Every structure is written in structure tokens, then in C-alpha cells.
Amino acid sequence: MSIGLNGLSAPAASYPVRETSSGSKDASVKDDFLKYAKMTPAEKIREQILKKMGLTEEALAGLPQKELDKINQAIKEKIEELVKQGRETIVGAFADIKV
């Protein structure tokens, strides 16, 4: 069996619980969940790759263009690799079968 994401973590691990201006942790968790739910698969993968690299979108904004281009190229290649792996997997009712 293969899950096809090669160790990418669950979405809940990427958002810390924090209080909102009203002091409600529940509202913050809900906002974080809705933000994640609205992301495209590519955006989710990008976020997880950046997290593995120890980077954020804000940190990327401060990098020189040459370095930013290298990071974006690496992310693009990883997304293409994951998409290709997904096409090679037949999703079944009980198990995913790699062909």
C-alpha cells in the first residue's frame, strides 16, 4: 500500500492555537481551519514544503530574487512529483494499489 505523500504531515500540525482579539481560542482554530480548507492542494503542499525548509511566505518575501527562484523551482518540482505519483495510484475501496 502507498499513501503517495511521502511523509507530509497532517494539516492540524501546521497551525498553533492562539487567542484572537476577543480572547477566544475557538474562533482562532475555526479561522485557521477555514483558511486551510480554502487552500488548493498545491497551496497545501507548498506550505508543508516551506515548513520542512523552516520558511514562511513572509520570510520568502525578504529573500533575494535568485534564491527565491531556486526555492520556487524546488517546490514546483516536488508538486509535479506528487501529482505524477498520484496518477500512478489506483484508489480502491479498501486499499490504494500502485501500478
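The values are calculated or read from the model by the stated rules, or taken from the named source; none is laboratory data. Values in this document were obtained by computation on a predicted structure and should not be read as measured data. Cβ coordinates were reconstructed from backbone atoms using ideal geometry, including for glycine residues, and neighbour counts include every protein chain displayed.
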message = For the range 18-39, check the following and say yes or no: at least one residue is over 29 Å from residue 85 (Cβ atoms), among the aliphatic types (A, V, I, L, M), at pLDDT below 80 and part of a helix (DSSP H, G or I).
response = yes
note = Expected single match for surrounded by 12 or more Cβ atoms within 10 Å (Cβ to Cβ), modelled with pLDDT under 90 and assigned to a helix (DSSP H, G or I) among 5, 82 is 82
key: Members of the range 40-56 that are surrounded by 11 or more Cβ atoms within 10 Å (Cβ to Cβ) and not in a helix (DSSP H, G or I)   = 55, 56
inquiry  = So the check is Cβ under 6 Å with 6+ separation or different chains; which pairs have a first residue in the range 70-99 that's on the phi > 0 side of the Ramachandran plot and a second one that's at pLDDT 80 or above?
reply    = none
ask   = Among the numbered criteria (1) modelled with pLDDT of 80 or more; (2) surrounded by 14 or more Cβ atoms within 10 Å (Cβ to Cβ), which single criterion is violated by residue 59?
value = (2)
ask   = Any idea which of (1) at pLDDT 85 or above; (2) in contact with a strand residue (DSSP E or B) (Cβ under 9 Å, 6 or more places away or on another chain) is the one residue 51 doesn't satisfy?
value = (2)
